[in-house]
Amino acid sequence: MLQQAIDPVERAGDLVKQTALVIAGVLVLAISAKVRLTARPSPVPITLGMFAVLSIGAAYGPRPGPLRVLA
């Protein structure tokens, strides 16, 4: 997981690291939702939002991942 790769020792009071990871997850999701791909036969554009949601869930793990997406 991304948190363990950044700092393998978990500290209960490390609020700055948790806040930075939340902001990074929100920024990745917001930027990827703006990227649009057009599939020619379909008039509906495809965004990278779902890819970002899955990537955030895989990077942060099962407990903090959904919290990043909900933020």
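The values are calculated or read from the model by the stated rules, or taken from the named source; none is laboratory data. Worth saying up front: this structure is predicted, and the values here are computed from it rather than measured. Every residue, glycine as well, gets a Cβ built from its backbone with ideal geometry; the counts of neighbours run over all protein chains shown. Surface accessibility is based on the protein's heavy atoms, side chains included, excluding ligands, DNA and RNA. Shrake-Rupley method; radii C 1.70, N 1.55, O 1.52, S 1.80 Å.
Wholly within the chain, which helices (runs of 4 or more DSSP H) include no fewer than the required count, namely at least 2 residues that are modelled with pLDDT of 85 or more and open to solvent by less than 80 Å² (accessible area, probe 1.4 Å)? Of the helices (runs of 4 or more DSSP H) lying wholly inside the chain, those with at least 2 residues that are modelled with pLDDT of 85 or more and open to solvent by less than 80 Å² (accessible area, probe 1.4 Å) span 15-34, 49-60. Among residues of segment 50-61 that are in contact (Cβ under 8 Å) with a residue 12 or more places away in the chain, those with a beta-carbon under 6 Å from a residue that is of a type in the set (Lys, Arg) at least six positions away or on a different chain give the pairs Ile56/Arg68; Tyr60/Arg68.
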